[in-house]
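Please read the structure below before turning to the comments.
Please treat every number below as a calculation from the coordinates, not as lab data. Keep in mind it's a predicted model, so treat the numbers as computed, not measured. Methodologically, a virtual Cβ is constructed for each residue, glycine included, from the backbone with ideal geometry; neighbour enumeration extends over all protein chains shown.
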Amino acid sequence: MAKIMPKRNLERVGLGVTGACVALVTLVVLALIFMVAQRGLTTFIKDGVDVAGFFTGTKWNLASTGPDGLPATGALPLIVTSFSVTVLSTVLALPVALGSAIFTVEIAPKFGRRVFQPLIELLVGIPSVVFGLIGFHVIVGAVRAIFNVDVGLGILPGSIVLAVMILPTVTTLSIDALRAVPDSYRQGSLALGYTRWQTIWHVVLRSATPSLMTAVILGMTRAFGETLAVRMVIGGIEAMPTSLISSASTITTTLTTSMAVYATGSVQNDALWSLGLLLMGMSLVFIMIIHLIGHKGAKSRG
């Protein structure tokens, strides 16, 4: 019979294993940030690309170089397109997600728990390429027919596809936020003479606001970093968008299209790493906003 390890030694082993896991994750995160920052800043420190011109320039063309020997690296069109797609997809998805969450938690909780929530969670497992295919054949075709244009690619179809993709995330987190509101809040509101809809609007939603905002930010983070599905319906033209149905390109679509084209160490490759640094920076900003909202929500509940 195997000898049982003493409790004190077992605690030391558990502490060592869990501590090593934390150290490994921390090391991976710091190494990732350091690598992206080092390569991304090379564009400005070593290659001599102007920082202000990179963020405010309206021309992005890595294929040709100018008189100074540097390619056109004005990333403003990519930044504008990325934020446009992210904001518009969130605006489209939020009312549907919030309405679904209210119905699931407040109106028909049994139906929501047994039928609707498992159904909406199925969307999470669908590959993004499937959304891209459906968007290309259905949404782009609908845009062509409705707006009477030849192509139909652009920010609008990309936002619709992204809205469907982030819908499960925002809906599920909104459901969890509404369920976290104590029933005593609802009972107290009804005891004061409020109707069910007044209770939902003035009590439940207001109490769940910090968690709902977290759901929105997480949805925006997912939309901001999505690549494949957007690439299939947005057009891939690296120029300042003139309308919602003009071909454009986001930061992520430009990265996936161009990263394998240019040699490592070239100015073009370094510029793409700078886009990656910008993308990572925006993701970190979103995460900081989530933590700030959660901290304020905890203080208000306390």
Completion exercise
Shape descriptors of the chain over alpha-carbon atoms, Rg and Dmax in angstrom, are 23.9, 80
Handout entry: Computed label-point distance, nm, for sites Val13 and Ala31 using a 7 Å Cα→Cβ extension
Key = 2.7 nm
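Over the stretch 65-152, what is the relative contact order in whole percent, taking alpha-carbon pairs under 8 Å and six or more residues apart?
9 percent.
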Practice task
State the extension gain, in nm to one decimal, for the chain segment bounded by Val129 and Val22, taking 0.36 nm per residue of separation less the distance between their alpha-carbons.
Solution key: 35.2 nm
Exercise for the section: Just subtract the alpha-carbon distance of Met259 and Leu119 from 0.36 nm times their residue separation and send over the number in nm, one decimal. Expected result: 46.7 nm
Fill in the blank from the handout: Ranked on Cβ counts within 10 Å of their own Cβ, fewest leading, Trp197, Trp60 go Trp197, Trp60
Practice task
Assign one of three labels to the stretch 77-249, namely rounded, prolate or oblate, based on the Cα gyration tensor with a ≥ b ≥ c the square roots of its eigenvalues; rounded applies when a/c is under 1.5, prolate when it is not and a/b is larger than b/c, and oblate otherwise.
Solution key: prolate
Problem - Efficiency of FRET between Val149 and Val91 - r from beta-carbon atoms, R0 30 angstrom, step 0.05 - result: 0.85
Practice task
Return Ile166, Ile107 ranked ascending by Cβ neighbour count within 10 Å, so the fewest neighbours appear first.
Solution key: Ile107, Ile166
Practice task
Could I have the simple spin-label model distance between Leu284 and Ser266, label points 7 Å from Cα toward Cβ, reported in nm to one decimal?
Solution key: 2.9 nm
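What 222 nm value per residue comes from the helices of the chain, counting each DSSP H run with n ≥ 4 as -39,500 (n - 2.57) and dividing by all residues, nearest 500 deg cm²/dmol?
-21500 deg cm²/dmol
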Completion exercise
Taking Cα atoms, the helix 76-102 axis meets the longest principal axis of the chain at an angle in degrees (rounded to 10) of 20 degrees
Problem - Sequence of Met165, Met213 once ranked by neighbouring C-beta atoms within 10 Å, starting from the fewest - result: Met213, Met165
